[in-house]
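So the structure is just underneath, and the comments pick up after that.
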Amino acid sequence: MTGTLRRLLPAALLAALVLVAMAPPVASGDVPDRYDPKTERPVSARDKIKLIEKEYEKLLKKVGLSGPKRRSVEIDPKIAALPSPYEPGTPISQTEAIETEHYRFRSDAHPKLVEAYARQMEAFYDKFCDAFSFDKELEKKSEIWLYRDKDTFMKRENKGANVGGFYQPGNRRVTAYHGKFGMSSDTRTVLAHEGTHQFQHLVASGIFQQAPTWIIEGLAVYFESARYDGKKVHINEIPRDRLMVVQRAIKAGNYVPIRELIEVPQPKFTGFHYAHAWSVIYWFVWSHKKNRTVFTKYWDMCRQRKAGRKEFEKAIGVEIDELEEHWKEWVLKLNPNRKPSFDD
Ligand SMILES: [Zn+2]
């Protein structure tokens, strides 16, 4: 869904721009169109292309598809390019572990790169503890396996190109690779997403795999969208593409009703549901402190026992349809450039 939107909309805009570019120039005083009115110099073909690109960017911004995409601090390119000291094909289990306070990494990549990712994960760990009210000492550090690149990951883990990483509840391990994933994801977003599941398992213990999918996945998307500033993680970020999907669905009247969303099981949970789950959680956390309290109450139920629709209704204290009206109204007004914030 997201991918289709991204592909279709810019293509339509580009077509419009090409038409504009081909149209006869609008008269602008005495300056012929092949001259730049400011410098009075002829406009070269290359400059014309630049101009079109600039307009294109502006239009993309208008529809909310461009602008500052990732303001998180990225891994230093020099560190990212460091060659691995391990022979190709070295099994991850035979690499030396790199440990931080809460994580144990194993990786066939350069240790400096692994340390950079470990620092990010420690910052996320702090945020997880805040968000999930967790202050227990860990009996065992959380394990993360990180492959040096996508090819090695696919080969050794027997995964297709559409997998960026995964969490295995059986051994409580996150597995991912260093590199880009899809159009807008990378190692940081994948580790944040799968790391959320690992942490949820820690907090919810034996009931983790029975918790409602919308809350498990919605929270993972919520954290994957967070911004890392080099020290801290900020969780009020809005993923533009997910928001657009939900806003368009609400406007078109084909959104997933909340009473349906909260009962969709994992195998039927599509990208459309991920976007909805994110938006419902974002609404709970950022629309009002009271809503945040309600959400915390419900999450507490989910991590202790099986908590389906009945428990959800009990926690929210109103009809689901009534809650849905508030959510719809708030989400429609949500603007990625004006993030809500009362105590991030
Ligand atoms: Zn997930």
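Bear in mind these aren't lab numbers, they're just calculated from the coordinates by the rules spelled out. Fair warning: this is a prediction, and the values are worked out from it, not measured in the lab. Reconstructed Cβ throughout: ideal geometry from the backbone, glycine too, with neighbour counts over all protein chains shown.
So the values come out like this:
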item: Meets criteria (buried (at least 23 other Cβ atoms within 10 Å of the Cβ) and of a type outside the set (Val, Ile, Thr)) for Leu219; result: yes
item: Residue ranges of helices (runs of 4 or more DSSP H) in segment 187-282 with at least 2 members among the charged types (D, E, K, R) and more than 22 Å from Ile320 (Cα to Cα); result: 187-204, 240-252
item: In segment 185-214, residue farthest from the ligand (Cβ to nearest atom) [restricted to those that are under 16 Å from the mean Cα position of the chain (by Cα) and surrounded by fewer than 22 Cβ atoms within 10 Å (Cβ to Cβ)]; result: Asp186
item: Residues (charged (D, E, K, R), touching a residue at least 24 places away in the same chain (Cβ under 8 Å) and surrounded by 14 or more Cβ atoms within 10 Å (Cβ to Cβ)) located in segment 273-308; result: Arg303
item: Conditions (1) within 16 Å of the ligand (Cβ to nearest atom); (2) closer than 29 Å to Glu322 by Cα; (3) touching a Phe, Trp or Tyr at 6+ places or on another chain (Cβ under 8 Å); (4) hydrophobic (A, V, I, L, M, F, W, C): number failed by Ala176; result: (2)
item: So Pro265, is it within 16 Å of the ligand (Cβ to nearest atom), within 26 Å of Asn162 (Cβ to Cβ) and over 15 Å from the mean Cα position of the chain (by Cα); result: yes
item: Test: residue in segment 315-325 that is surrounded by 17 or more Cβ atoms within 10 Å (Cβ to Cβ) and part of a loop (DSSP other than H, G, I, E, B); result: no
item: Residue list for segment 93-111, restricted to those being in a loop (DSSP other than H, G, I, E, B), among the small types (Gly, Ala, Ser) and closer than 18 Å to Ile75 by Cβ; result: Ala109
item: Candidate set: segment 248-272, residues that are in contact (Cβ under 8 Å) with a residue 60 or more places away in the chain and closer than 11 Å to Glu217 by Cα; chosen: the one surrounded by the fewest Cβ atoms within 10 Å (Cβ to Cβ); result: Thr270
